[in-house]
1. In nm, to one decimal, how far is the modelled label at B:Ala233 from the one at B:Ser208, with both set 7 Å along Cα→Cβ?
2. Using Cα positions and a limit of under 20 Å, work out the aspartates and glutamates in reach of B:Lys54, with same-chain residues fewer than 8 apart set aside.
3. So in region A:3-331, what percent of DSSP beta bridges are antiparallel if you round to the nearest 5?
4. Using Cα springs under 10 Å in a Gaussian network model of chain A, which residue among A:Leu71, A:Leu39, A:Leu271 shows the largest mean-square fluctuation?
5. Using 0.36 nm per residue, how much length does the chain from A:Met311 to A:Asp56 gain when fully extended, once their Cα-Cα distance is taken away?
6. For a footprinting-style exposure proxy, rank A:Lys246, A:Lys134, A:Lys305 by other Cβ within 10 Å, fewest first.
7. May I ask you to sort B:Thr4, B:Thr266 by Cβ crowding, counting other Cβ atoms within 10 Å and putting the fewest first?
8. Give me the aspartates and glutamates in straight-line cross-link reach of A:Lys78: C-alpha distance below 18 Å, same-chain residues under 8 apart excluded.
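A short reminder: the numbers here are calculations on the coordinates, not readings from a lab. This is a predicted model, so every value here is computed, not measured. Neighbour counts run over all protein chains shown; Cβ positions are idealised from the backbone, glycine included.
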Amino acid sequence: MTNKQRLYLLEQMLRIRSFEERVGELFLKGESAGTMLHLSIGEEAAAVGVGAMMQDGDSFTTHHRGHGVFLARGADPKRMMAEIAGKEIGYCRGKGGSMHIADMSLGHLGANAIVGGGISHIVGAALSYKTLKKDNVSVAFFGDGAMQQGILYESFNLAALWNLPAMFVCINNQYGMGTRVDQSSSTLDFAARAKSFGLQADTADGQDIEDVVNKAKKLLKQARAGRASFLTINCYRFYGHARKDKSPYRSEQEETAGRQQDPISFWEENLVKAKIISNKKLETLKKEIDLEMDAALSFAENAKKPELATMFEDVYSPKQAKPLSNKARLDL
Amino acid sequence: MNITEYYGQTITYREALRLALDEAMEQDERIIILGEEVGRYGGAYAVSQGLYEKYGAGRVLDTPISEAAIIGTAIGAAMTGLRPVAELMYVDFAGIAMDQIANQAAKIRYMFGGQIGVPMVLRTQGGPGRSAGAQHSQSLEAWFMHTAGLFVAMPATVSDAYQLLKEALQFDDPVIFIEHKGLYTSKGIFEPGTALPFGKAAIAREGSELTIITYSGALRHCLAAAEELDKLAIDVEVIDLRTLNPLDVDTFVESVSKTGHALIVTEDSLTAGVSAEISARAQEGAFDFLEEPIMRLSGEDIPIPVAPELELAATPKKADIIKAVRKILRR
Ligand SMILES: Cc1ncc(C[n+]2csc(CCOP(=O)(O)OP(=O)(O)O)c2C)c(N)n1
Ligand SMILES: [Mg+2]
């Protein structure tokens, strides 16, 4: 890895952290469009480590905690924040919000609010690439909770059986809402499960982005060659499940210890120690990023709310009739 | 293939469906078929027979028994350049895949603000008639009709089987295409040129005294009843809805406004079923013309039993329809 690449990884992780801190603000001000906001603070190395190794034209789906992955794949923070605030200029005209954000031009086939809901879609995308002879990979990002969903295993099987350019990435933040992973999973060796389906599989340390990058790079290459792969990345969910959750089901000591596994401070220290960046430059970089994200926040706050008539748009293709409103049907 | 060679010939419903798939696959390389037993086996009801041999394993994909992932895979493929036809062997298995159908396929265009649609056809079959039991005989169309974002087609005739499937394959949104297991061997003259477009109900029989509104497998029973009623000098109109979304309200409201009497005949179970929706719409649109209350004859509110005599009695047949019509008209 070059020093430039190392700095890029740091910058991307900092951008996600800064963005999500502002998503939190949006919520506290009562300006987010929903209460369903799931922050990935502490999980940035997973998003950036895999995201940075993907190529243009590759596609992906994410779970409900997917802000980080989307930013790592090039999302515009302004339009993202606007979507989370339910504004027309947002990625999905304010109809998707945080949990259903998508952007076809960046290959984002959609975040999903159903645990495991988007995983099989990347199998279909990978089938398209194989059928249409495109050199792309499709990647599913999901949490440890989805490791217990049946459709994941149907998808593992299909991807391996059909030799598809598909990669599955489990971001294991140790919890599914209030249930710790050892309370929900018969085994903690997720890679072993994947291997038993014939997938190339590995486990990465989510505090160490270099480890994530190295493993993701290898497994993406395998997937691109038609050997579907799986990577599970261990990390810790720093805050509650959603914005209002104060995590009463885990101890303060545990949280303090968990937050020590911060992939950002770990990487900062490494880069400073190796003199790849000075403390001063680091401060400047953080300030720049915070300014960018402040701008995204005010962009979202000031953006126009959607017109009510847009409610009936996008149910079907524009070639088809829109659904009939109560108003039109009853002439109210 | 040259489809015009089949014009005017008597063929089966199954053959008509196969012709539509075959012709569409020739015309559009993006169309693939995936599902359980669709390839080497030729389809559980032999609809896709011969297509694996003709188009190869790259376009006719035999899948494992993974209904949720079959449909999820079709969704992802549809979003990235293919036009998949996913086959769900029995509509009764939809429960296993319902998240992919109702939360994913149906809502992707909307949730993503219209960026992309899911151009896939979910072919499946339903209905009673083969003593297949409670888990292989249901009429679950109300589930799909109830979900915004899904088009629903239920052809009853040979020409419609072809015509509606051909059109469905050109849609940019998911189409749930429900065939009837009791109709696969039914025959008719293949004249797709005369078939109406997707979303239009057909007047299967013109009449003046009462309107029967029906679709799919129940149509043949309604037409048979209408024939008998004709002998009693009772003149009924029979409307075949053909698609449940779009629901062609205008056509049946117009008919009911003309006849002043309506009977709705469906094979799905009565309670909260398709007939309830049609009845409500007919009442909204034709209230001023109604001479009698709208009546519904639907499947009994029971699981479909295996014993042939019980199964027969579980959904409306000719004799029931005749009785209901005479009751409404008091003749
Ligand atoms: C099918 C389904 N079941 C349950 C839920 C409710 N739910 C939302 S997130 C969540 C926990 C998911 O945990 P995990 O997959 O580990 O993701 P994380 O939140 O930790 O990122 C649950 C149970 C849901 N949204 N979908
Ligand atoms: Mg988790």
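1. Computed distance between label sites B:Ala233 and B:Ser208 equals 1.3 nm.
2. By straight Cα distance, B:Lys54 reaches B:Glu5, B:Glu15, B:Asp22, B:Glu23, B:Glu26, B:Asp28, B:Glu29, B:Glu36, B:Glu37, B:Asp62, B:Glu87.
3. 10
4. Judging by the Gaussian network model, the answer is A:Leu271.
5. Working: separation 255, 0.36 × 255 = 91.80 nm, distance 3.28 nm.
So the extension gain works out to 88.5 nm.
6. Numbers: A:Lys246 8, A:Lys134 16, A:Lys305 11.
The most exposed by this proxy come first: A:Lys246, A:Lys305, A:Lys134.
7. Values: B:Thr4 9, B:Thr266 29.
Arranged by neighbour count, lowest to highest, B:Thr4, B:Thr266 become B:Thr4, B:Thr266.
8. A:Glu11, A:Glu20, A:Glu21, A:Glu25, A:Glu31, A:Glu88, A:Asp103, A:Glu288, A:Asp290, A:Glu292, A:Asp294, A:Glu301
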